[in-house]
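Sharing a structure here in structure tokens format.
Bear in mind that the values in this text are calculations on the coordinates, not laboratory data. Since the structure is predicted, the reported quantities are computational estimates derived from the model, not experimental observations. Neighbour counts run over all protein chains shown; Cβ positions are idealised from the backbone, glycine included.
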Amino acid sequence: MNIGILNIQGDVQEHFDMIKSLKRKYNVSPVKVNSVNDLENIDGLIIPGGESTVIYKFLIKNNLYDKIKSMALNNDLAVMGTCAGAIILSKDTGDDRVTGMGLLDITIKRNAYGRQVDSFIKEVQINGMGAFNAVFIRAPEIEVPGNVNILSELNNRAVFVTDKNLDIMALTFHPELTGDPRIHEYFISKIKK
Ligand code: GLN
């Protein structure tokens, strides 16, 4: 199985290394995705955290936006968006500069916890997984979770949601930064081959 990492900016290498570390155990390979052609042979895609306005512009410019959206809607692609990636997957970003793909029925607010200095690490409880050290960096907040499964909350706000098929996932934190592979393993387990 090939797992693409959207290679624009942000935490690309961290996700790449995490998938690489799981290669033997799950027979998965990481692939950096720069163009529409790179989407041909992948089964799952990670949209990393970074700056959502930059990621959005690049996705549009390289025709990746519509292609990723239609592959996901056709159930041809599982997608995990973390932080800025979660903003891209949302239905409503509340920001004219970033139009969400609407792959998840969530309204999200960018930079809801404040500036870079207001970033923090907090242990959250994830359904079926247990405690997880979650790193929040200029994180967005899921203001309105619609028709989604909520796997984790912090202060009564969803921080980890999936669609009903369980293969489109959004997290407002960074699972690639603590060396804990369980969320990547969960994503791998939901990819249908
Ligand atoms: N604040 C960023 C944005 O709105 C997201 C931050 C992150 O991905 N760590 O794009």
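Please report, in cubic angstrom per residue, the volume enclosed by the convex hull of the alpha-carbon atoms of the chain.
Hull volume over Cα atoms, normalised by residue count, gives 102 Å³.
Hey, another quick one. Along Cα→Cβ, 7 Å out, is where each label goes; now give me the distance between the ones at SER35 and MET129 in nm to one decimal.
Taking the two extended label points, one gets 3.4 nm.
Counting only residues 5 or more places away or on other chains, whose amide H sits under 5 Å from the amide H of GLU153 once H atoms are built in the peptide plane?
GLN125, VAL159
Sorted from largest down, give the three principal axis spans of the alpha carbons of the stretch 137-193, whole angstrom values.
Cα extents, longest axis first: 33, 28, 14 Å.
Could you give the length gained by full extension between ASP76 and ASN62, i.e. 0.36 nm per residue of separation minus their alpha carbon distance, to one decimal place?
3.1 nm
Okay, moving on. Would you mind counting up the charge near GLY102? Only other residues with Cβ under 10 Å from its Cβ, with Lys and Arg at +1 and Asp and Glu at -1.
Taking every Cβ under 10 Å from that of GLY102, the sum is 0.
Okay, moving on. Under the definition of Cα pairs under 8 Å and six or more residues apart, what whole-number percent is the relative contact order of the chain?
So the answer I get is 19 percent.
Follow-up question, since we're still on this one. Relative contact order of the stretch 4-81: what whole-number percent is it, with Cα pairs under 8 angstrom and at least 6 residues apart?
Computed value for the stretch 4-81: 35 percent relative contact order.
Further question: Go through 77-83, 87-93 and give me the packing order, highest mean Cβ count within 10 Å leading.
Most protected by this proxy first, the peptides run 77-83, 87-93.
If you count the DSSP beta bridges with both ends in the chain, what percent of them are antiparallel, to the nearest 5?
That works out to approximately 55 percent antiparallel.
Taking the alpha-carbon set of the stretch 39-85, what are its Rg and Dmax in Å?
10.5, 27
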